[in-house]
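Have a look at the structure below before the remarks.
The values are calculated or read from the model by the stated rules, or taken from the named source; none is laboratory data. None of these values were measured; they are calculated from a predicted model. Every residue, glycine as well, gets a Cβ built from its backbone with ideal geometry; the counts of neighbours run over all protein chains shown. Note: areas computed on protein heavy atoms with side chains; ligands, DNA, RNA excluded. Shrake-Rupley method; radii C 1.70, N 1.55, O 1.52, S 1.80 Å.
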Amino acid sequence: MSDPMSQAPNFEVFSRKRASRSVTERVIELVLLLAALSSVGTTIAIMVLLISESVGFFKEVPILEFLTSKSWSPLFDNPEYGILPLVSGTLTTTLVALSVAIPMGTIAAIYLSEFAPQKVREVIKPVLELLAGIPTVVYGYFALLFVTPLLQQLYAPLGTLVNGFTEKLPAGGLSDWLYNDVPLDLGGFNMLSAGLVMGIMITPLISSISEDAMRSVPTELREGSYATGATRFQTAWKVVFPAAMSGISSSYILGISRAVGETMIVAVAAGLQPIFTFNPLNSAATITAFIVQVSLGDIPHGSLEYQTIFAAGLVLVLVTLVLNIIGYFLSKRFREEY
Amino acid sequence: MVEEVSQLNVTAVKPKAEVIDLDFYYGSTHVLKRVNLVVPDRQITALIGPSGCGKTTLLRCFNRLHDLYPDNHYNGEIVFDSAVNILSPKVDPIEVRMRIGMVFQRPNPFPKSIYENVAYGLRVQGERKTSVIDDKVERALKSAALWDEVKDRLKSPAYALSGGQQQRLCIARALATEPELILFDEPTSALDPIATSNIEELMAELKQQVTILIVTHSMQQAARLADYTAFMYLGEMVEFNRTLALFNSPLNKQTEDYVKGRFG
């Protein structure tokens, strides 16, 4: 055998395919990078568009008026540009929706993950997820044509009762407040109905993500709890729920974003009147409903009226961002790691 | 096999619990076959045997943990304190678990503070007085030889502790409700040798106050720790005796092969 060192090493054997392989690898890497960048790029493009169009708007309308005026009538002869009515509409419908979706979604998740027998879960889970697949415009008409009449019927006795009571009160203070905020009849458009239906729409989103989070809590934790003599509910509530808190809170954050951004239900069922109110019995317009109203109308591009939707859109993005940040910090505060 | 068991004068020991002709099925799989065992009061009893022999299944019968899952069923009895068959359908498994504690294979503290972990059993059992809970938490942590290490940080999360400390915390959690019997399911298999010897020392001390039944995969551990040892194989109780007798002069051929390391 000859000394291997005496021969020139034959690297060629090992490097024949090297060039072509490195090209393939780079192409793949580039494609992956582009895919990742496309979403970042879209986000940036949207922000640039919103801000640049809003700049034109804020040249005409002082930003202070925009943020503090309680009247929004950009399409009228005597236009006023106060965003507060749209913000109040958005926040009120969101709050109503969340007050339905968070408890219902959480309870459904606890039931499905900790209590439901296999067979029951196999039925309920797909049905719940089907609920998430219904187009929102259908929910809108469900709110307007089914839930609102139902609410009107349920509300009538209460309205009559409160009104009878109001009439006996001396004028001023409480009486005025009741007279204005607790009407005799519930209007055909109101934020309560839109918000409730929006809550029903968001429930499966929250229950599905929360259930996954709770089911991924290790069995040892559950058994540890049972072994101390805990009941099924104590185990679910005191051990599994806190252990899954990070996943559950992210479902809440997603639910909030969904509610803030929801358009069709509120556009159809809440009425399109921008009124500054936090009373869910009133009709109101949300930011999204206003945007869709203007986009569908025949307002010329580039006009001030047209630019209002970009300013409104910017506020919507900021509201969502702020709620997300609050949710993030709340979940960090309450999170219990395992 | 009953003959071998009778080599130990069972009537001479005071039983905390007695397994009588226990059969257990996972669905249609017959996992425990007419198992008999005496768990002597305030002694350490070890269950040994190769993987899949049913020793953990037997252990989990004692606190009815099998009841959590569908398709499991028992035949036979586990008589507690010579009085109650805890496998009887009339017995509430939650009451059983309040009196029979358990420590698991891997430390499984809850995502709560050190204090709340130990207080958990007390709270779920309905204790509300803070002074009582404070007192019992302190006593449990002292019994689990953890008090000195954690007394200044009772409010910090349990996950900040090391693996060995977490396991002692789980022992404290089991001790807090003052059970009469504690089940240990391979409690040191996830721990390093130093943490293991700490836990073993702790168990040797604990037998003053509670009866201990431990499943272990380590024959050395059984030999070091246990007063009595039971060898199980393929779901049957092959031999049960004082630990020294079982290891030094096994009566059964299978036991001998296993303790001499010829299989398993």
Exercise for review: Using the charge dipole of the protein assembly as shown (Lys, Arg: +1 at Cβ; Asp, Glu: -1 at Cβ; taken about the Cα centre), state which of A:P79, B:M232, B:I182 has its Cα farthest towards the positive end.
Suggested key: B:M232
Review point. Which is farthest toward the positive dipole end of region B:1-122 among B:I114, B:M102, B:Y25, measuring Cα position about the Cα centre, with Cβ charges +1 (Lys, Arg) and -1 (Asp, Glu)?
Key: B:I114
Revision key, fill the gap. In region A:1-154, taking the dipole from +1 charges on Lys and Arg beta carbons and -1 charges on Asp and Glu beta carbons about the Cα centre, the listed residue (A:I44, A:F66, A:A116) farthest towards the positive end is A:A116
Check your understanding: Dividing the convex hull volume of the Cα atoms of region B:180-259 by its residue count, what figure in Å³ per residue is obtained?
Key -> 100 Å³
Check your understanding: Any idea what angle helix A:118-131 forms with the longest principal axis of chain A, computed on alpha-carbon atoms, 0 to 90 degrees, nearest 10?
Key -> 70 degrees
**Study point:** Environment charge of A:F310, counting only residues whose C-beta is closer than 14 Å and scoring Lys/Arg +1, Asp/Glu -1
**Key:** -2
Study note, to complete from the structure: Check: C-alpha center region B:185-215 vs C-alpha center region A:46-69, spacing in Å is 69 Å
Exercise for review: On a 0 to 90° scale, report how tilted helix B:130-143 is relative to the longest principal axis of chain B, with both axes built from alpha carbons and the result rounded to the nearest 10.
Suggested key: 50 degrees
Review point. log10 I(q)/I(0), Debye, Cα-only chain B, no solvent, q = 0.10, 0.13 Å⁻¹?
Key: -0.50, -0.83
Check your understanding: Which of the aspartates and glutamates could be linked to A:K17 by a straight reach, that is with a Cα gap under 20 Å, when you skip same-chain ones fewer than 8 residues away?
Key -> A:E25, A:E29
Review point. About its Cα centre, what dipole magnitude does region A:125-255 give when the only charges are +1 on Lys and Arg Cβ and -1 on Asp and Glu Cβ, stated in debye to the nearest 20?
Key: 340 debye
Exercise for review: Send over a whole-number figure in Å² for the accessible area per residue of chain A, probe 1.4 Å.
Suggested key: 55 Å²
Review point. Three principal axis extents, largest first, for the C-alpha atoms of region A:1-102, in Å?
Key: 99, 40, 19
Review point. In whole Å, what is the distance between the alpha-carbon centres of region A:241-319 and region B:36-92?
Key: 59 Å
Exercise for review: Name the residue, out of A:T320, A:T43, A:T90, whose mean-square fluctuation peaks in a Gaussian network model built on chain A with Cα pairs under 10 Å.
Suggested key: A:T43
Review point. With contacts defined as alpha carbon pairs under 8 Å and 6 or more residues apart, what's the relative contact order of chain A in percent?
Key: 26 percent
**Study point:** Within the protein assembly as shown: Cβ-based charge dipole about Cα centre, in debye rounded to nearest 20 (Lys, Arg +1; Asp, Glu -1)
**Key:** 840 debye
**Study point:** Hits among aspartates and glutamates - C-alpha to C-alpha of A:K59 under 18 Å, sequence gap 8 or more where chains match
**Key:** A:E80, A:E305
Point to revise | Chains A and B together, accessible area buried on both sides, 1.4 angstrom probe, square angstrom | key: 1900 Å²
Check your understanding: In deg cm²/dmol and to the nearest 500, what is the mean residue ellipticity at 222 nm of the protein assembly as shown if only DSSP H runs of at least 4 residues count, each as -39500 (n - 2.57), divided by the residue total?
Key -> -17000 deg cm²/dmol
Exercise for review: Return one number: the angle in degrees, 0 to 90 and rounded to the nearest 10, between the long axis of the Cα atoms of helix A:304-334 and the longest principal axis of the Cα atoms of chain A.
Suggested key: 70 degrees
Exercise for review: Leaving ligands, DNA and RNA out of it, report the carbon-plus-sulfur percent of the accessible area of region B:146-236 at a 1.4 Å probe.
Suggested key: 49 percent
Review point. Does any residue of region A:218-237 lose at least 30 Å² of accessible area with all protein chains in place compared with its chain alone, and if so which ones (probe 1.4 Å)?
Key: A:E220, A:L221, A:E223, A:G224, A:Y226, A:A227, A:T228, A:G229, A:R232, A:Q234
Study note, to complete from the structure: Residues of region A:269-291 with backbone N under 17 Å of the label point set 7 Å from the Cα of A:S73 along Cα→Cβ are A:272-277, A:284-285
Point to revise | Principal axis box of the protein assembly as shown, alpha-carbon based, largest edge first, Å | key: 106, 100, 50
Exercise for review: Using the Cα centre as the reference, give the magnitude of the dipole from point charges on the C-beta atoms of region B:135-264 (Lys, Arg: +1; Asp, Glu: -1; all else neutral), rounded to the nearest 20 debye.
Suggested key: 120 debye
Check your understanding: Out of A:N190, A:N180, A:N279, any idea which swings most in a Gaussian network model of chain A, alpha carbons joined below 10 Å?
Key -> A:N180
Exercise for review: Can you pull the one-decimal nm distance between simple spin-label points at A:N279 and A:L318, each 7 Å off the Cα toward Cβ?
Suggested key: 2.8 nm
Point to revise | Centroid-to-centroid separation of region B:119-170 and region A:185-238 [C-alpha atoms, Å] | key: 30 Å
Practice item. Anything losing 20 Å² or more of accessible area from the isolated chain to the full protein assembly: pick those residues out of region B:73-102, probe 1.4 Å, ligands and DNA/RNA ignored. Key: B:I94, B:R97
Practice item. Express as a percent, rounded to the nearest 5, the fraction of DSSP beta bridges in the protein assembly as shown (both residues included) that run antiparallel. Key: 60 percent
